[in-house]
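J.: Sharing a structure, written as structure tokens. Questions coming.
The values are calculated or read from the model by the stated rules, or taken from the named source; none is laboratory data. Just so we're clear, the structure is a prediction, and the values are computed from it rather than from any experiment. As a convention, Cβ positions derive from the backbone with ideal geometry for all residues, glycine included, and neighbour counts pool all protein chains shown. In case anyone asks, the SASA skips ligands and DNA or RNA and just uses the protein heavy atoms, side chains included. Shrake-Rupley method; radii C 1.70, N 1.55, O 1.52, S 1.80 Å.
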Amino acid sequence: MLEKGKISPRQSGELLFTTILATSILIVPAVTTSIAAQDAWLAIMIGTIPGFVLLGILCWLGRKHPAQTLFQYAETILGKWPGKFFGLLYIWLLLQTAATTTRQFSDYLSTAFMPLTPLSVFTLSLIFLSVFAAISGLEIIARMNEFIILLVTSFLVLVTVLSLPNWEPANLLPVLARGIMPVLRASATPAVFMGEVLVAGILRPYTTRPGRTFVAGATALFFAALLLAVGLVSAIAIFGPTLVATFRFPLHMFVRTINIGDILTRFEVIVMVTWVAGVFIKLSVFLYSTSLGLAQILGLRQYRPVVFPLGIMVAVSSFLFFDNIVVISDAIRLVAPRLYGIYYLVLTPLLVIVTVVREKIFGHKFGEKRQ
Amino acid sequence: MTSAFSILRKIIRPNPKKTGSPQKGARKPENDDSPLLEERLALIKNRLGESNDVVIREFSTGSTGVKMAILFIDGLADKQQINDDIIKPLLSTTIVNHYPEKLTEKNAFDLVRNNIAFFSEINTAPNLTQALKMVLSGDTALFIDGEQKVLVFGTRAWEKRPPSEPETEAAVRGPREGFTETMRTNTSLLRRRIKHENLRIETMMVGRRTGTNVNLVYISDIVNKRTLAEVRRRIAAIDTDAVLESGYIEEYIEDYPFSVFPQIEHTERVDKAAAAVIEGRILIMTDNTPFMLIVPTSFFQFIAAAEDYYERPFIATFLRVLRLFVLNIALFLPAFYVAIITFHQEMLPTPLLLSIAASREGIPFPAVAEALVMEGTFEVLREAGVRLPKTVGQAVSIVGGLVIGDAAIRAGLVSPAMVIIVATTAIATFAIPAYNAAISIRLLRFPLIILAGAMGLYGLICGLILILIHLAGLQSFGVPYLSPLVHGSFEDIVKTFTRPPWFLFIRRPRMLGLQQIRRQATNTFARKPEGSTRELTHEDTGQEE
């Protein structure tokens, strides 16, 4: 086994929660609101459904291959070489997402807080921290996350409560004024972020009670979607949908409006703390998953040596993939849903179909021999 | 990171099997022995040399004139006892001849042990080497001509300090007794608090030259046996010449010797040690020091004080939360101030910003340099105050704190705001109950200030995450260092950050993996007067008029 440590189902759920929420809380509100206006929160609810389905598929596959990660059972199901190729596709998706995340992270810090600091400072320091965490192992990431999750959720709840005086509930009306279609179209972006639940397929064999993965993951999805919706609703209630759609980071903007007695003000630093801590966990999880997957595909005995090169790859591609802020917005709005769509609709179901075909038609029994 | 540590540990602590073997050329003392008294005394003189505290008293006794000798170290053994209870009965003909058996070389050993000596604690050493070891700890050896075995009388008694109030952990309410330098006193202090048959005190000897006694204290039906075995293994693996304080043991047995954070709690308080033992932890007592080690340790133990458990739960809870807050102040405040002043001025309310800006006007240094210099100065002042005699120490704090501080502000070298920040931080550091945790936090402050000066709040958060990665990776004897916050039950978390009333302490900490988790029954307290709930009147006093 490449990873000897074990995490509890609760910890795996918490990792999923932070992974999903960390970036989506800043990115999703603007994108969904620009399409679905005040019904954006509905879009988030709908966008969560594919996440649940994906989680269900992964857990079903995981039950057939209890000791294997996504990368390993892809080989068992599809055969050695197709399976390895298949695994590489998933690694590529995760790396792509990691690069996007890193770039968003650096962009946000640079535009909102320290405009004179070069992007690479943020990128490299974040990558350094994440590589360090990923090398330390899954248990350590999970333990840190338990700490950080407290920080993130309490901050989010705090800013929401403090922003209540500024709410204009009328901004949320009317509901479904333009029919259901814009909502459905807008749900593509949250669906992308919910698709990051993919990581559950990698964490499952390393949990103490893998049978609980679905419950833990579903709870994580539910709460991530809930907090996301709450953040979105507060932003819309304060600014109204037209304004929110023009912001790049609505959460940041709505937190800026908080002003309690001229003392409790300028809370955006809290957003930054949440953002840095969350993105750090997210990137650590991704780096860990991809290095573990790569080590499994290549048959290495240790995943640690590949962490650093992969981290550098993520850092470099975060610069190379996106020329500027507009490109990255387009990537999230237009490219990511299609890319994730392929994984949702084609690649992951393919594993299920092949499993069913091999079991039903060729009478192959999966899950009998265990590693 | 863990792999890096394991490599370092291998370098620092090589395989104990290799170092445990006897050195080449070392003589085998077991062969240097003889049952004959004269040869034996020569050997003793040879081995102990001409030290003036070694006392040898030769005499012969009984009608057959059995030759004997007594060996003890002056100052470690109780002379009065030796005179009255060993030498006197042996030399008194009434006593020796009182027994029907005649005292001869052959039966002398048994007769002295069973009948003649007026002594409660008599041990037998098989050879000279063993006997010498015990003599050097303060016992008295009786050599009998022609007898290989040696009688050893427990006569240990030396000048010792009585238990006094622990200076490092003072408390307003609670017992005033602290541990002393004498192991026997310490074990008795503990025994007096835990009068249970399952309290075990296990002895190990560490240090080739110092031969220091190290006691493991635990309750055998509560303690986690794997942890206990691990503690034993680690202490047994220590192979050094000297152990003069429990700090030596601490560094040899802790999991990560290269961490800034203390991974083993120490205490001078007897009540705290007793509480730890009852909670299922293991107490490591080292001879010649009042500081006892407690394992396993988690980080949050350092914010608990013994007094929390004696005061009312509400105030204790409040103090605990306050200490947690203070811990953050001690670690982050200067760095946070530097970050705000250097990068995020917009975060301050405008009037406050204006007054700080006004006070900083004309200060020649950037905030980060100012903070580093001030913190450095403060450390110097502290260090100067600690080592000096108390009377002079006050002068240092007055000159250093008041005179220099005031002059520096008047001269425009530092801003008053910075002085306030540094002073607040210093006071916050003192409010952390555990000294060893406070010093590691003092140390971490400096890199955080530099990070904040370089990258603002973002740098500060990066520093926090780095510390967190490190903390999350630490373990103390198999218990995660950040437990119960990570990996702990809800009950343990609540008990760490608050102090519930005593009747709710139903279970011991789950994270320790104990044999008995339950410590008391639920709801077995009698509170209201039985039968009726009316108020007591003078009729209830039972006095007849």
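J.: On the accessible surface of region A:1-129, probed at 1.4 Å, how many percent belong to carbon and sulfur atoms? Intermediate results must be reported in sequence, preceding the final value.
T.: Details: 2930 of 4050 Å².
Answer for region A:1-129 is 72 percent, counting heavy atoms of protein chains only.
J.: Distance between Cα centroids, region A:261-323 to region A:3-63: provide it in whole Å.
T.: The distance from the Cα centre of region A:261-323 to that of region A:3-63 comes to 17 Å.
J.: Averaged over its residues, how many other protein chain Cβ atoms are within 10 Å of peptide B:342-352's Cβ atoms?
T.: Details: counts 0, 4, 6, 0, 4, 5, 2, 7, 2, 1, 2.
Mean shielding count: 3.
J.: Now for a separate question. Let me make sure I get this right: for region B:356-445, a, b and c are the square roots of the gyration tensor eigenvalues over alpha carbons, sorted descending. Under 1.5 in a/c it's rounded, otherwise prolate if a/b > b/c, else oblate. Which is it? Mind dumping the intermediate values first?
T.: Working: a/c = 2.44, a/b = 1.41, b/c = 1.73.
Because a/c hits 1.5 or more and a/b fails to exceed b/c, region B:356-445 counts as oblate.
J.: Also, I was wondering about something else. Pull out the extension gain between B:Arg226 and B:Glu379, defined as 0.36 nm times the separation in residues minus the alpha carbon to alpha carbon distance; nm, one decimal.
T.: Details: separation 153, 0.36 × 153 = 55.08 nm, distance 4.15 nm.
So the chain would gain 50.9 nm between B:Arg226 and B:Glu379.
J.: Do you know the relative contact order of region A:12-116, to the nearest whole percent, from alpha carbon pairs under 8 angstrom that are 6+ apart? Present the calculation step by step, with values, prior to reporting the outcome.
T.: Details: 32 pairs, mean separation 11.7, N = 105.
Once normalised by length, the contact order is 11 percent.
J.: Chains B and A: buried accessible surface, both sides, probe 1.4 Å, rounded to 100 Å²? Walk me through the numbers on the way to the answer.
T.: Details: alone 29420 and 15770 Å², together 42450 Å².
Buried area between the two chains comes out at roughly 2700 Å².
J.: What FRET efficiency, computed as 1/(1 + (r/R0)^6) with R0 = 51 Å and r the Cβ-Cβ distance, is obtained for A:Leu88 and B:Phe503, rounded to the nearest 0.05?
T.: Numbers: r = 60 Å, r/R0 = 1.18.
It comes to 0.25.
J.: For a Förster distance of 41 Å, can you work out the FRET efficiency between the beta-carbons of B:Glu245 and B:Asp406, rounded to the nearest 0.05? Let's see the in-between values first.
T.: Details: r = 40 Å, r/R0 = 0.97.
Given R0 = 41 Å and the Cβ-Cβ separation, E is 0.55.
J.: Can you give me the relative contact order of region B:313-480 as a percent, contacts being Cα pairs under 8 Å and 6 or more apart?
T.: Values: 138 pairs, mean separation 66.6, N = 168.
Once divided by the residue count of region B:313-480, the mean separation gives 40 percent.
J.: With a point put 7 Å past each Cα toward its Cβ, work out how far B:Leu388 is from B:Leu36 in nm, to one decimal.
T.: Modelled inter-label distance: 6.7 nm.
J.: Something else: For a label point 7 angstrom out from the Cα of A:Thr111 toward its Cβ, which stretches of region A:2-34 have the backbone nitrogen within less than 17 Å?
T.: Once the point is set 7 Å along Cα→Cβ of A:Thr111, A:23-34 turn out to lie under 17 Å by backbone N, inside region A:2-34.
J.: Write down the percent of antiparallel bridges among all DSSP beta bridges whose residues are both part of the protein assembly as shown, to the nearest 5.
T.: Values: 44 of 46 bridges.
So the antiparallel bridges amount to about 95 percent of the total.
J.: Once you sort the root eigenvalues of the Cα gyration tensor of region B:262-414 as a ≥ b ≥ c, which label holds: rounded (a/c under 1.5), prolate (a/b larger than b/c) or oblate (the other case)? Provide the component values of the computation, followed by the final result.
T.: On the way: a/c = 2.80, a/b = 1.75, b/c = 1.61.
Here region B:262-414 falls in the prolate category.
J.: While we're on this one: I'd like to compare B:334-345, A:82-93: which one has the highest average count of other Cβ atoms within 10 Å, and what's the full order after that?
T.: Details: B:334-345: 22.8, A:82-93: 17.5.
Result, highest mean first: B:334-345, A:82-93.
J.: Taking the Cα-to-Cβ direction at B:Ile122 and at B:Asn107 and moving 7 Å from each Cα, how far apart do the two end points lie in nm?
T.: For B:Ile122 paired with B:Asn107, the spin-label model returns 1.4 nm.
J.: Also, I was wondering about something else. Taking the Cα centre as origin and putting +1 on Lys and Arg beta-carbons and -1 on Asp and Glu beta-carbons, what dipole magnitude results for chain B, to the nearest 20 debye? Working shown, then result.
T.: Details: 61 positive and 59 negative charges, 282 e Å.
Rounded to the nearest 20 debye, it is 1360 debye.
J.: Now for a separate question. Between A:Pro174, A:Pro305, A:Pro182, where does the largest GNM mean-square fluctuation fall for chain A, given springs only between Cα atoms within less than 10 Å?
T.: Largest GNM mean-square fluctuation: A:Pro174.
J.: Need one word for region B:209-297: rounded, prolate or oblate. Basis is the Cα gyration tensor (sqrt eigenvalues a ≥ b ≥ c); a/c below 1.5 gives rounded, then a/b vs b/c decides. Present the calculation step by step, with values, prior to reporting the outcome.
T.: Details: a/c = 1.40, a/b = 1.32, b/c = 1.06.
In terms of gyration-tensor shape, rounded.
J.: Distance from a point 7 Å along Cα→Cβ of B:Lys88 to each backbone N in region B:152-178: keep the residues under 19 Å and list them by number.
T.: Residues B:153-157 fall inside that zone.
J.: Another question, if that's okay. Using r as the Cβ-Cβ distance of B:Ser259 and B:Asn46, and R0 as 35 Å, what FRET efficiency do you calculate, to the nearest 0.05? Kindly include the intermediate steps, with their values, before the conclusion.
T.: Details: r = 47 Å, r/R0 = 1.35.
After rounding, the FRET efficiency stands at 0.15.
J.: Moving on. Below 8 Å, C-alpha to C-alpha, sequence gap of six or more: please give me the relative contact order for chain B in percent. Could you put the intermediate results ahead of the total?
T.: Numbers: 778 pairs, mean separation 66.9, N = 545.
The normalised contact order for chain B reaches 12 percent.
J.: Please sort B:112-118, B:431-437 by packing, taking for each peptide the average over its residues of neighbouring beta carbons within 10 angstrom, highest first.
T.: B:431-437, B:112-118
J.: A further question on this structure: Given the pairs B:Lys149/B:Lys272; A:Lys84/A:Lys282; B:Lys225/B:Lys495; A:Lys6/A:Lys360, which are separated by over 32 angstrom at their Cα positions?
T.: Working: B:Lys149/B:Lys272 43 Å; A:Lys84/A:Lys282 25 Å; B:Lys225/B:Lys495 24 Å; A:Lys6/A:Lys360 34 Å.
Distance filter (> 32 Å) returns B:Lys149/B:Lys272; A:Lys6/A:Lys360.
J.: What percentage of the solvent-accessible surface of chain B, computed with a 1.4 Å probe over protein heavy atoms, is contributed by carbon and sulfur atoms? Before the final figure, lay out the partial values.
T.: Working: 16250 of 28000 Å².
C and S atoms contribute 58 percent here.
J.: Under the definition of partner shielding as Cβ atoms of other protein chains within 10 Å of a residue Cβ, what is the mean value for peptide A:279-286? It would help to have the intermediate numbers written out before the result.
T.: Numbers: counts 0, 5, 1, 0, 0, 2, 0, 0.
For peptide A:279-286, the averaged partner shielding equals 1.
J.: I'd like to know which of A:Val354, A:Leu334, A:Pro305 lies farthest towards the positive end of the charge dipole of region A:289-371, counting +1 on Cβ of Lys and Arg and -1 on Cβ of Asp and Glu.
T.: The residue sitting farthest along the positive end of the dipole is A:Val354.
J.: What GluC sites (Glu not before Pro) does region B:65-142 have in DSSP loop regions with at most 12 other beta carbons within 10 Å? Can you show the working numbers first?
T.: Numbers: sites: B:Glu101, B:Glu105, B:Glu121; in loops: B:Glu101, B:Glu105, B:Glu121.
Answer in residue order: B:Glu101, B:Glu121.
J.: In peptide A:118-125, how many Cβ atoms from other protein chains are near each Cβ within 10 Å, on average? All intermediate terms of the calculation are to be shown ahead of the outcome.
T.: Numbers: counts 0, 0, 0, 4, 3, 0, 0, 8.
Mean number of neighbouring Cβ atoms from other chains: 2.
J.: To the nearest 10 square angstrom, what accessible area does B:Trp158 show with a 1.4 Å probe?
T.: Solvent-accessible area, nearest 10 Å²: 90 Å².
J.: In nm, what is the difference between 0.36 nm times the number of residues separating B:Glu181 and B:Thr203 and their Cα-Cα distance?
T.: Numbers: separation 22, 0.36 × 22 = 7.92 nm, distance 1.62 nm.
Using 0.36 nm per residue and subtracting the Cα-Cα distance, I get 6.3 nm.
J.: Full-extension gain between B:Leu353 and B:Ser60, please, as 0.36 nm times their residue separation minus the C-alpha to C-alpha distance. Write out the running numbers ahead of the final one.
T.: Values: separation 293, 0.36 × 293 = 105.48 nm, distance 9.28 nm.
Residue separation times 0.36 nm, minus the Cα-Cα distance, leaves 96.2 nm.
J.: Next up: For chain B, return all DSSP H helices satisfying: extent of Cα atoms along own axis at least 24 Å; mean Kyte-Doolittle hydropathy at least 1.6. Kindly include the intermediate steps, with their values, before the conclusion.
T.: Details: long enough: B:313-342 (42 Å, 1.87); B:367-387 (30 Å, 0.56); B:435-473 (30 Å, 1.73).
The answer, listed by residue number, is B:313-342, B:435-473.
J.: Run the quick spin-label model on B:Arg173 and A:Ile353: label points 7 Å from Cα toward the beta carbon, then report their separation in nm to one decimal.
T.: About 7.3 nm separates the two model spin labels.
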